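Asker: The structure under discussion is supplied below as structure tokens; questions concerning it will follow.
The values are calculated or read from the model by the stated rules, or taken from the named source; none is laboratory data. Because the structure is a prediction, the values reported are computed rather than measured. Neighbour counts run over all protein chains shown; Cβ positions are idealised from the backbone, glycine included.
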Amino acid sequence: MTESATPADRVARGKEIRKIVPRSSHAAWAPSADRVDPVTLITNQDKDRLQFLVPIRHYRMAESAFTFYRGAAAIMAADLAGTPSTGLTAQLCGDAHLSNFGSFGTPTREQIFDINDFDETLPGPWEWDLKRLAASFVLAGRDNGFDDDDTRSMTRMAVAGYQDAMAKFTTMTTLDVWYAHLTLQQITDTLPKKKDRNRATKASAKARAKGSLRALDKLAEKIDGKFRIKSDPPLLIPLRDLPTSDDPDELRAEAERSFEEYKETLADNRKVLIDKYHVVDVGLKVVGVGSVGTRCLIVLLEANDDTDPLFLQIKEATESVLEAYLPESTYSYHGERVVRGQRLMQVASDIFLGWSVGGAGHAFYWRQLYDMKGSAEVSKMSPRRLKMYAGLCGWTLAHSHARSGDPFAISGYIGSGTVFVDALTEFAHAYADQGEQDYAAFAAAIASGRIEAKEG
């Protein structure tokens with residue numbers, strides 16, 4: 001975008017792209033003749049992970065076609081690289097499936113709904129995120145036993161929600177777009193049925209109760225009169241109990257060195273805040289589905305005394321799955337890539353969000369472990385509720401893209417009719433079929449002993 005380009009010029013640019021990349025072209029999906037074996041892509045990711053945790057990753061991914069899809073961002077990135085591209089760039093989440101949206105607390109203690117996972121974030125074609133989101137609704141719906149009409153309806157809601165939001169952003173000032181957000185209260189107030197409003201209110205209250213005191217109760221215990229992280233292997237292992245030859249004291253010293261490095265990435269006012277805390281204990285914690293096996297630590301800190309705790313999560317940041325197909329990150333460390341992308345895409349980010357570089361060249365980002373975080377229980381949602389949720393996710397993704405990309409050009413390309421919505425709905429269902437085939441291949445690899453899966 002240049003200084004002389006008017007909003008009308010930018011809309012026209014989007015419309016012009018249709019001549020090169022017709023909107024209907026996004027409907028097609030067919031695997032390329034040289035498509036890489038999906039199981040190989042997954043096992044290639046395993047090589048750099050903590051090997052004693054890799055079987056747990058496989059087990060969690062093997063639960064269903066949807067959980068496999070959640071952990072298989074690398075597969076879809078490879079596939080998306082061969083699909084039509086508009087050439088319009090925004091900051092991508094990189095893994096925008098429906099379970100990577102949720103609620104959390106802002107610095108002013110407001111509960112908002114936004115994207116909450118940025119491990120794969122990178123600038124790229126905006127439609128890649130939307131295609132991943134759309135296909136996730138098909139797989140989640142099928143996993144819930146919904147029929148084709150329902151999965152098509154919720155997919156259309158996600159894409160149409162994106163379309164409508166992006167069009168709305170072209171009518172707003174740049175600052176109003178930047179500040180726009182969805183609070184849980186706003187969402188609750190617009191729900192049409194009392195039972196939905198009551199359910200949302202209860203979920204909001206449950207999320208609001210999540211904080212470091214709750215984490216202390218769940219993840220720590222008193223040992224010799226002092227709080228220490230519980231031992232619950234293999235899901236939670238204090239550094240003192242790690243099944244490695246590493247010296248626990250050295251590991252703790254490394255964590256404390258990283259803590260000092262991390263503090264330098266915070267704004268000055270937040271440095272003052274974090275300096276009030278000191279490290280008490282550190283442990284390895286298994287999180288998520290696709291992330292299992294990456295180095296993820298939790299840190300227990302205290303300020304005044306043991307009634308004044310703070311839990312931070314230190315999560316390893318590896319190369320984005322998108323970097324094999326898009327220009328590599330401009331940042332020296334992947335932890336910084338994640339943090340910068342998150343701050344750009346989210347309306348408000350955790351006050352403790354920062355990054356560091358650990359020993360052996362591993363990059364990490366830091367954030368609060370619990371901070372009024374809430375997530376949708378997708379498996380318990382009816383078709384009606386999942387359709388409403390799809391619209392929220394579509395709006396949210398559009399807002400994140402509008403902050404970093406050009407809403408006028410994107411909206412100009414999409415248009416106001418159903419051509420693009422129809423196309424992405426067809427793509428989502430075709431790609432969901434592909435996802436189920438990939439899942440079957442993955443399950444067969446486990447059954448044959450090619451890869452190991454173990455509950456944890």
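Asker: Take ARG18 and decide whether it is part of a loop (DSSP other than H, G, I, E, B) and among the basic types (Lys, Arg).
Answerer: no
Asker: Between residues in region 383-401 that are under 18 Å from LEU184 (Cβ atoms) and outside the structural domain of HIS97 (by TED's automatic domain parsing) and residues that are surrounded by 24 or more Cβ atoms within 10 Å (Cβ to Cβ) and among the basic types (Lys, Arg), which pairs lie under 9 Å by C-beta distance while being six or more apart or on different chains?
Answerer: Hits for this filter: zero, empty list.
Asker: Could I ask something else about it? Quick one: how many residues across region 212-236 are polar (S, T, N, Q) and over 15 Å from LEU312 (Cβ atoms)?
Answerer: 1
Asker: Tell me which of these LEU301 doesn't satisfy, since it passes every other one: (1) surrounded by 22 or more Cβ atoms within 10 Å (Cβ to Cβ); (2) farther than 30 Å from LEU182 by Cβ.
Answerer: If we test LEU301 against (1) surrounded by 22 or more Cβ atoms within 10 Å (Cβ to Cβ); (2) farther than 30 Å from LEU182 by Cβ, just (1) comes out false.
Asker: With region 68-179 as the region, which strands (runs of 3 or more DSSP E) entirely inside it contain at least 3 residues that are closer than 28 Å to VAL292 by Cβ and touching a strand residue (DSSP E or B) at 6+ places or on another chain (Cβ under 7 Å)?
Answerer: Because the criterion is at least 3 residues that are closer than 28 Å to VAL292 by Cβ and touching a strand residue (DSSP E or B) at 6+ places or on another chain (Cβ under 7 Å), the strands (runs of 3 or more DSSP E) in region 68-179 that meet it are 101-105, 111-115, 122-125.
Asker: To continue, here is another question. Restricting to region 167-189, give me the number of residues that are farther than 14 Å from ALA402 by Cβ and surrounded by 15 or more Cβ atoms within 10 Å (Cβ to Cβ).
Answerer: 4
Asker: Hey, any hits in region 426-434 for a residue that's at negative phi, in a loop (DSSP other than H, G, I, E, B) and buried (at least 20 other Cβ atoms within 10 Å of the Cβ)?
Answerer: no
Asker: Just one of the numbered conditions (1) in the same structural domain as LEU353 (by TED's automatic domain parsing); (2) surrounded by fewer than 16 Cβ atoms within 10 Å (Cβ to Cβ); (3) in a loop (DSSP other than H, G, I, E, B) is not true of PRO192; which one?
Answerer: Looking at each condition in turn, PRO192 falls short on (1).
Asker: Out of ARG240, ARG228, which single residue is over 25 Å from the mean Cα position of the chain (by Cα) and in a strand (DSSP E or B)?
Answerer: Going through ARG240, ARG228 in turn, just one is over 25 Å from the mean Cα position of the chain (by Cα) and in a strand (DSSP E or B): ARG228.
Asker: Quick one: is LEU236 closer than 19 Å to LEU284 by Cα and either at pLDDT below 95 or surrounded by 13 or more Cβ atoms within 10 Å (Cβ to Cβ) (or both)?
Answerer: yes
Asker: Within region 286-335, count every residue that is of a type outside the set (A, V, I, L, M) and farther than 21 Å from LYS263 by Cβ.
Answerer: Here the count works out to 17.
Asker: Would you confirm whether any residue within region 74-84 is of a type in the set (D, E, K, R), in contact with a helix residue (DSSP H, G or I) (Cβ under 6 Å, 6 or more places away or on another chain), modelled with pLDDT of 95 or more and surrounded by 14 or more Cβ atoms within 10 Å (Cβ to Cβ)?
Answerer: The answer is no, given that none of the residues of region 74-84 is of a type in the set (D, E, K, R), in contact with a helix residue (DSSP H, G or I) (Cβ under 6 Å, 6 or more places away or on another chain), modelled with pLDDT of 95 or more and surrounded by 14 or more Cβ atoms within 10 Å (Cβ to Cβ).
Asker: Need pairs with beta-carbon distance below 6 Å; first residue under 20 Å from GLN111 (Cα atoms) and within region 165-193, second among the small types (Gly, Ala, Ser) and part of a strand (DSSP E or B); sequence gap 6+ or separate chains.
Answerer: Final answer for the pair search is LEU184/SER103.
Asker: Which one is farthest from PHE427 (Cα to Cα) among residues in region 13-46 that are touching a helix residue (DSSP H, G or I) at 6+ places or on another chain (Cβ under 9 Å) and among the charged types (D, E, K, R)?
Answerer: The extreme case among them is ASP46.
Asker: Another question, then. Condition first: at pLDDT 95 or above and among the polar types (S, T, N, Q). Now tell me which residues in region 46-73 satisfy that.
Answerer: Correct list: SER64, THR67.
Asker: Looking at this structure, is ARG57 over 13 Å from the mean Cα position of the chain (by Cα), part of a loop (DSSP other than H, G, I, E, B) and of a type in the set (Lys, Arg)?
Answerer: So ARG57 fails the test.
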